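The structure appears right after this line, and notes come after that.
The values are calculated or read from the model by the stated rules, or taken from the named source; none is laboratory data. Here the structure is a predicted model, which means the values were calculated and not measured. Cβ: placed from backbone, ideal geometry, glycine included. Neighbour counts: every protein chain shown. Quick note on the areas: whole protein, heavy atoms, side chains included, nothing else; ligands and nucleic acids left out. Shrake-Rupley method; radii C 1.70, N 1.55, O 1.52, S 1.80 Å.
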Amino acid sequence: MTAPPAPLILCCEDEPALRRDIADELREAGYRVREAADAAEVIAALGECTPDLVLCDIMMPGTDGYGVLAEFRRDFPHLSHVPLVFLSALATTEAMIRGKRAGADDYLTKPIDYDLLLSTIEARLRQTRQARQASAPVARIGRHLLDHLSVGVLAYDATGRLVRANRAATTQLGLAAASGGPPQPPGLARPLRQMVRAALDGREESLSIRIEDASGGMAVLFSCPPEDRGVDADEPVVFVYVADLARRAPLSGAALRELFSLTPAETGVARRLASGSRLDEIAADLGVSQTTVSFHLRNVFAKTGTNRQAELVALLLSLPIRAAS
């Protein structure tokens with residue numbers, strides 16, 4: 001089987017010499033790199049590729065790094081798992097706090113310490129892999145759970161034939177039936193062929209596109225998860241997730257329990273945290289001590305592969321599971 005491609009780093013830096021230096025260091029370390037000179041270029045790149053991590057300068061002409069981060073998180077919800085690391089000449093505590101509060105996953109100062117840069121990237125990519133492994137059951141959930149998802153899910157076999165689609169997908173894409181409908185909805189044929197080829201080559205890949213429509217558009221993520229076995233013609237090899245950008249749905253406790261093996265108490269803590277509640281508010285709502293809430297939260301971290309509240313909330317919000325009816 002072909003080895004999986006190296007992680008792709010999207011590097012946005014307006015100083016050409018520094019951008020080249022960063023890109024050279026990253027390539028020397030074995031990463032693939034896509035360069036961007038300003039906000040417009042990095043946003044355009046996000047529409048064309050699926051990076052594993054984004055490095056972004058803060059002080060740039062026109063839209064600054066904070067603007068890039070806001071647009072990234074708002075317009076690319078299917079990339080919510082992708083960490084963004086700020087690069088800045090401002091080394092004050094206040095600047096770092098502002099960057100973290102804005103939603104950056106890390107903050108590195110200039111002049112760039114390349115050893116620190118590479119170790120930060122390695123750590124963030126490792127955390128992302130752990131979170132993806134924790135959420136991997138989404139790619140293999142049964143029909144009963146598929147129809148609890150507000151995100152559309154399509155499954156294709158090694159010939160590119162649609163073999164499964166949940167209720168949300170049939171509604172969003174206008175499919176004739178839950179399975180056995182058209183080979184692929186309009187606009188998905190070319191990326192689907194690309195992903196089937198990757199699956200047949202044994203490569204783990206993902207690809208995101210955006211479909212515009214009058215209601216605000218849809219974010220579409222193609223994924224061929226890694227398999228330890230050979231490709232079975234009767235089994236899905238490519239999964240397609242379709243999210244309606246105009247809607248967000250509340251989390252289903254039942255689905256969360258099944259996906260991550262959470263206890264009812266852990267589910268209650270996770271759902272309330274994702275809804276914006278503080279730990280003391282969660283304790284009061286559940287009628288327990290804050291120490292008990294912290295104990296449950298540590299268990300949730302372990303089961304979801306996350307390490308802090310921000311990562312957990314990002315993971316939960318990237319799984320648009322609707323409330324049980």
At 7 Å along the Cα-to-beta-carbon direction for both Asp201 and Asn307, put a label point, then send me their distance in nm to one decimal. 3.2 nm
What FRET efficiency comes out for the pair Ala89/Arg126, r = Cβ-Cβ distance, R0 = 22 Å, nearest 0.05? 0.20
Probe 1.4 Å, all chains present, heavy atoms only: Val242 accessible area in Å², nearest 10, is 0 Å²
Here region 296-309 yields Karplus 3J(HN,Hα) values (6.51, -1.76, 1.60; θ = phi - 60°; whole Hz; Gly and Pro given as x) of 4, 5, 4, 5, 5, 4, 5, 6, 9, x, 9, 10, 8, 4
